[in-house]
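The structure under discussion appears below in the form of structure tokens.
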Amino acid sequence: MKSKIDFRLIFITNSKLNPDLYRVVKKACGAGVKAVQIREKELSAKELLKLAKRLRILAKKTNTELFINDRYDIALLSNADGLHLPENGILPSHINRNKRIIMGRSVHSLMAAREAEKNGFDYILFGPVFRTPAKIKFGSPQGLSKLEKVCNSVNIPVFAVGGINPQRAKKCVESGAHGIAVIRELMLSPNISKTLRDFKEAIGSL
């Protein structure tokens with residue numbers, strides 16, 4: 001069976017870094033991004049649904065997969081393509097998957113990665129691989145050696161996350177990662193098209 005995961009880069013939003021979120025996502029989609037995860041935990045359910053529906057229209061025009069972070073209700077109501085869950089979130093078995101929704105999980109250890117595969121997730125985000133301001137309070141980064149161990153221990157796609165720039169992206173893929181997840185590098189990019197070209201050159205495709 002063909003894998004559901006035909007993208008190599010996931011763009012995760014953070015409007016705290018750039019409040020002009022719609023413009024950033026529009027530019028990224030126009031420049032070739034194939035997967036966007038809406039991760040806006042500060043928004044109310046009403047605000048999040050409004051944003052998700054607006055970005056759903058945009059994503060369809062560019063054949064971009066749209067993911068919602070942690071909110072299955074918003075994913076359903078916005079007709080999103082996927083749902084991304086934290087390590088302690090719900091499991092695929094908890095929901096009705098008649099709607100072919102892609103499900104991913106964030107993991108921070110080899111054990112959690114194996115459990116995610118066992119529980120039926122379609123892909124995992126592993127990290128933080130490198131130092132990143134948002135994750136300093138959680139301790140030291142995982143590093144490439146741990147990323148490689150995770151990639152070698154599961155049969156579902158692994159995306160590296162945390163402090164990923166184009167140079168580090170190449171190292172992650174060489175360590176076995178299927179792809180990468182990016183927040184800061186795109187939210188703060190002065191030239192999104194160039195940044196994405198650099199990522200594409202580093203990992204082969206978006």
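The values are calculated or read from the model by the stated rules, or taken from the named source; none is laboratory data. Remember, predicted model here, so these are calculated numbers, not experimental data. Backbone-built Cβ (ideal geometry, glycine too); neighbour counts: all protein chains shown. Note: accessible area is taken over every heavy atom of the protein model, side chains too, but ligands, DNA and RNA are not part of it. Shrake-Rupley method; radii C 1.70, N 1.55, O 1.52, S 1.80 Å.
Put simply, when 4-10, 39-45 are sorted by average Cβ atoms within 10 angstrom per residue, most first, you get 4-10, 39-45.
Relative contact order of the chain, taken over Cα pairs closer than 8 Å and 6 or more residues apart, is 22 percent. The magnitude of the dipole of segment 27-92, with charges of +1 and -1 set on the Cβ of Lys/Arg and Asp/Glu and taken from the Cα centre, is near 420 debye. The mean accessible area for residues of the chain, using a 1.4 Å probe and ignoring ligands and nucleic acids, is 51 Å² per residue. The modelled label-to-label distance for the pair S153/A45, using points 7 Å beyond Cα in the direction of Cβ, is 3.7 nm. Over all Cα pairs of segment 55-118, how is the pair count split among 5 Å bins, expressed in % and running from 0 up to the last occupied bin? In whole percents, the pair-distance histogram is 4, 17, 27, 22, 15, 10, 5, 1. Considering only the Cα atoms of the chain, their convex hull presents on average a projected area of 10.7 nm². Once both labels are positioned 7 Å from their Cα atoms along Cα-to-Cβ, the gap between I90 and D20 label points is 3.7 nm.
With the highest mean first, a sort of the peptides 26-35, 82-91 on other beta-carbon atoms found within 10 angstrom per residue produces 26-35, 82-91. The residue list G30, L43, L83 was ranked by how far each Cα lies along the charge dipole of the chain toward its positive end, using unit charges on Cβ atoms, and G30 comes out on top. Counting heavy atoms of the protein chains alone, R71 has an accessible area of about 80 Å² for a 1.4 Å probe.
Three principal axis extents of segment 1-51 based on alpha-carbon atoms, in descending order, are 38, 23, 16 Å. For segment 98-206, a simple Cβ point-charge model (Lys and Arg +1, Asp and Glu -1, everything else neutral) yields a dipole of about 200 debye relative to the Cα centre.
Evaluate 2.2 N^0.38 Å with N set to the residue count of segment 166-206, then give the Cα radius of gyration divided by it.
Values: Rg = 9.9 Å, N = 41, 2.2 N^0.38 = 9.0 Å.
In units of the globular-protein estimate, segment 166-206 measures up at 1.09.
Across I68, I95, I57, mean-square fluctuation computed from a Gaussian network of the chain (C-alpha pairs under 10 Å connected) peaks at I95. What pairs in K16/K118; K60/K194; K27/K149; K53/K146; K41/K118; K46/K171 have C-alpha atoms more than 31 Å from each other? Correct reply: K16/K118; K27/K149; K53/K146; K46/K171.
Name the shape class, rounded, prolate or oblate, that the alpha-carbon gyration tensor gives for segment 123-206, where a ≥ b ≥ c are the square roots of its eigenvalues, rounded holds for a/c under 1.5, and otherwise prolate holds if a/b is larger than b/c and oblate otherwise.
Oblate, because a/c is 1.5 or more while a/b does not exceed b/c.
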